[in-house]
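Notes to accompany the following structure.
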Amino acid sequence: MLDQTEGYVTADGRKIGGVVMEMKNITLRFGGVEAIKDISFDIREGEIRAIIGPNGAGKSSMLNVISGFYIPQQGEVWYKGAPRPPMKPFEVARQGIARTFQNIALFEGMSVLDNVMTGRLTQMQTGLFAQAFWKGKAEAEETENREKAEKVIDFLEIQAIRKTPVARLPYGLKKRVELARALAAEPTILLLDEPMAGMNVEEKEDMSRFILDVNDEFGTTIALIEHDMGVVMDLSDRVVVMDYGKKIGDGTPDEVRSNQDVIDAYLGVSHD
Amino acid sequence: MPEQLVFAMEVFLNGLMAGVMYALVALGFVLIFKASGIFNFAQGVMALFAAMTFVGIQNGQVPFAHLINAIFGTKIHYFGWEVYSVFAILLTVGVMILLAWMVQRFVFRHLVGQEPIILFMATIGLAYFLEGVADLMWGSEIKRLDVCLTDNTCLPQGINLAIDEFTFEIFGYGFFIDNLDITATIIAILLVTLLVVFSQYTKQGRAMRAVADDHQAALSVGVSLNAIWILVWSVAGFVALVAGIMWGAKSGVQFSLSLIALKALPVLMLGGFTSIPGAIIGGLIIGVGEKLFEFAIGPMIGGATENWFAYVLALLFLVFRPQGLFGEKIIERV
Ligand SMILES: Nc1ncnc2c1ncn2[C@@H]1O[C@H](COP(=O)(O)OP(=O)(O)O)[C@@H](O)[C@H]1O
Ligand SMILES: [Mg+2]
């Protein structure tokens, strides 16, 4: 099903596959504001794709289009080689696209483990009546889901806070729990909106390592947003640069770094 | 004065059981409010509607008989059969699920993202509409409600639910407790247990808790808000049915039944609008409180304190602890 126009091999020897998602001429307006202006780009299987740009450039809007939270006025989203009809966010999630939010959207009243378990909801098949009357099957499924959730928790090194209510966690750990919940869905594509925003240096390094590990270990395709150029350059395979809703650059970190439009855009704004 | 003490204890127990009833109604409120932010003014009418539907089905009444007769000039009122309670309950549950679907499909689906006050107004409209439908469907006369607590005539052969009169002795004084109250309490406990198991251990329960906690996050893990809202209204409808049957068995099914919703308000102020344990404990406190107050203080100030005690207590809470007993203090667990 995937567009097999051949992939490429990264500098560190990872093999990147065909196009799994393609944005075609996306335009998104809020009243008079054009948040996204006719943008096209693709995401390939197994790659870490970054979207960068100054604040207000339209990065989050783009992620919201991909995850179904915003419906663009123009353009198409192609997924696995076919155009995707307009979808509700929960339908997108069920298609294997998991995400985190810039302003963290966790279930504050639940424990870390319960939060991660909600990530398994897309994978749970047994219906309500089956659960009531076919206890064995429901239990087997619950056990399997719990094991998967625990594996993700181990992977992201948050075992120590498994039972802690999320509301009590510091910001940096919340970001990590949100990543864990998204990962628990075993997504085809993982969308991360500023996963490192508001973190200290050490936390940023941890998060970078986790993102790389996830990609490496599970082969998960990752699209992530950053507004700080430095952080993503080491992390990503290819970068889309946005400014005022327009795409002003697209390529490898090196290509983007030497792109004059990108340099201008970044010199023209303060880095915060 | 052990006599007084024993009597006080009886009052206490009776209060506890009235409290169970308040708690049930409050529970319906909390479920919907947590999941959708809608303060469902129609919860009491839902209890009435459920109880009337139950009795109507049980007696083999023809729904909308008056309407049909008026239009076609017929004179039908009853099908001429009687339905066992168990089946009548199952059928009524079906009706309540259908109602939940219709409420979501025709009302709240079109009001997503509206101000809470608008949603509240919609539920007021719903309350009057539902009251009208109940009237039209089953007629407005007071009905007796039997759920075979004392005899087995309305159950299939071989099932025995009969409970004998219940008295016991303490300090040589006889206690008398209405066996209906006992049954009501047991059913309420079972119901709450069922709800807890459902919300903690099923996929739908987990999704329901997710929606109650954060809509955006719930969407991102693949939960359909619409489906969950239908589910929540169905569960609230089921809770309303249980409350309606119990209340109806006590004092007959009549339109004043919908007024128990007003007693649920102070319960919610005590327990907090989003806390299920709060609804239960708040209900018990008000039930016991108003009975004990009437018993101890009532005679001194002319009685009839049950009419206002709950509201005054709620008012005190609003002044001194506006978040309710459990607001913010405990971690929410549906
Ligand atoms: N829901 C919305 N309603 C109105 N305007 C919005 C909404 N979301 C984003 N915008 C506008 O779209 C533009 C891009 O915002 P955003 O995508 O959040 O940028 P970024 O994530 O790059 O900082 C901004 O001008 C913002 O005000
Ligand atoms: Mg943003």
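Estimated purely from DSSP H runs of n ≥ 4, each contributing -39500 (n - 2.57), the mean residue ellipticity at 222 nm for the protein assembly as shown is -17000 deg cm²/dmol once divided by its residues.
In terms of its C-alpha gyration tensor, region B:238-334 has an oblate overall shape, because the principal axis ratio a/c (a ≥ b ≥ c, square roots of the eigenvalues) is not below 1.5 and a/b does not outweigh b/c.
Per-residue surface analysis assigns B:His66 an accessible area of about 110 Å², computed on protein heavy atoms at 1.4 Å probe radius. A straight Cα-to-Cα reach below 22 Å connects B:Lys75 with the lysines B:Lys143, residues fewer than 8 places away in its own chain not being considered.
Within chain B, the longest segment free of exposed loop sites, counting GluC sites (Glu not before Pro) that fall outside DSSP classes H, G, I, E and B and have at most 14 other Cβ atoms within 10 Å, spans B:166-327. Listed by chain and number, the aspartates and glutamates placed with their C-alpha closer than 17 angstrom to that of A:Lys135 are A:Glu144; residues fewer than eight positions away on the same chain are left out.
Restricting attention to region A:1-57, which GluC sites (Glu not before Pro) occupy a DSSP loop and are surrounded by at most 10 other Cβ atoms within 10 Å?
The qualifying sites are A:Glu6.
Take the protein assembly as shown with all the other protein chains still there, run a 1.4 Å probe, and you get 46 Å² of accessible area per residue.
So if we plug the beta-carbon distance of B:Thr74 and B:Leu262 into 1/(1 + (r/R0)^6) with R0 = 22 Å, what FRET efficiency do we get, rounded to 0.05? Here the calculated transfer efficiency is 0.05. Measuring nothing but how far apart in sequence close Cα pairs (under 8 Å, 6+ apart) lie, relative to its length, chain A scores a relative contact order of 26 percent. Since only A:Asn200, A:Ala98, A:Val240 are under comparison, the one whose Cα sits farthest along the positive direction of the charge dipole of region A:97-243, derived from C-beta charges on Lys, Arg, Asp and Glu, is A:Ala98.
Bridges between two residues of the protein assembly as shown, per DSSP, are antiparallel at a rate of about 65%. In this simple spin-label model, placing a label point 7 Å from the Cα along the Cα-to-Cβ direction at both A:Tyr244 and B:Ile186 gives a separation of 7.6 nm.
Accessible area ranking (1.4 Å probe, heavy atoms, ligands and nucleic acids excluded), largest first, for A:Arg257, B:Arg321: A:Arg257, B:Arg321.
Summing charges over neighbours of B:Leu268, with a neighbour being any other residue whose Cβ is under 14 Å away from its Cβ, gives +3 when K and R count +1 and D and E count -1.
Counting Cβ atoms of other protein chains within 10 Å of each Cβ in A:175-185 and taking the mean gives 1. Subtracting the Cα-Cα distance of B:Leu91 and B:Phe120 from their residue separation scaled by 0.36 nm leaves 7.6 nm. Assuming charge only on the beta carbon of Lys and Arg (+1) and of Asp and Glu (-1), the dipole of region B:3-320 about its Cα centre is about 1140 debye to the nearest 20. Net charge in the neighbourhood of A:Met233 (other residues with Cβ under 12 Å of its Cβ; Lys, Arg +1, Asp, Glu -1) is -4. What is region B:3-320 by shape, rounded, prolate or oblate, if you read a ≥ b ≥ c off the alpha carbon gyration tensor as root eigenvalues and call it rounded for a/c under 1.5, prolate for a/b larger than b/c, and oblate otherwise? Taking the square roots of the gyration eigenvalues as a ≥ b ≥ c, region B:3-320 is oblate.
With a sphere of radius 15 Å drawn around the Cβ of A:Pro72, what net charge do the other residues whose Cβ falls strictly inside it have (Lys, Arg +1; Asp, Glu -1)? Neighbourhood net charge equals +4. Remark: relative contact order (region B:3-320) = 37 percent; criterion is Cα-Cα distance under 8 angstrom and separation of 6 or more residues. A simple spin-label model places the labels of A:Glu76 and B:Phe320 6.8 nm from each other, with each point 7 Å out along Cα-to-Cβ.
Scaled against the 2.2 N^0.38 Å expected of a compact globular protein of N residues, the Cα radius of gyration of region A:129-216 reads 1.28. Here each label is just a point 7 Å from Cα along the line to Cβ, and for A:Asp38 and A:Asn103 those points are 3.2 nm apart.
Straight-line reach from A:Lys163: taking Cα to Cα under 20 Å and skipping same-chain neighbours fewer than 8 places apart, the lysines in range are A:Lys148, A:Lys151, A:Lys174, A:Lys175, B:Lys203, B:Lys329. Here the accessible area is traced with a 1.4 Å probe on the protein chains. For region B:3-320, carbon and sulfur cover 70 percent of it.
Counting other C-beta atoms within 10 Å, and keeping those with at most 14, which DSSP coil trypsin sites (Lys or Arg not before Pro) do you find in region B:1-110?
Numbers: sites: B:Lys34, B:Lys75, B:Arg105, B:Arg109; in loops: B:Lys75.
In loop regions of region B:1-110 (DSSP not H, G, I, E or B), the sparsely surrounded trypsin sites (Lys or Arg not before Pro) are B:Lys75.
Loop-located chymotrypsin sites (Phe, Trp or Tyr not before Pro) in region B:1-78 (DSSP state other than H, G, I, E, B) with a sparse environment of at most 15 neighbouring Cβ atoms within 10 Å: B:Phe64. What does the C-alpha gyration tensor say about the overall shape of region B:182-290? Classify as rounded when a/c is under 1.5, otherwise prolate if a/b is larger than b/c, or oblate. Verdict is prolate for region B:182-290.
When the dipole is taken about the Cα centre of region B:171-324, and only Lys, Arg (+1) and Asp, Glu (-1) are charged at their Cβ, what size is it in debye, to the nearest 20?
Approximately 300 debye in magnitude.
The values are calculated or read from the model by the stated rules, or taken from the named source; none is laboratory data. Nothing here was measured: the structure is a model prediction, and the numbers come from that model. Neighbour counts are summed over all protein chains in view; Cβ atoms, including those assigned to glycine, are modelled from backbone coordinates with ideal geometry. For accessibility, only protein heavy atoms count, side chains too; no ligands or nucleic acids. Shrake-Rupley method; radii C 1.70, N 1.55, O 1.52, S 1.80 Å.
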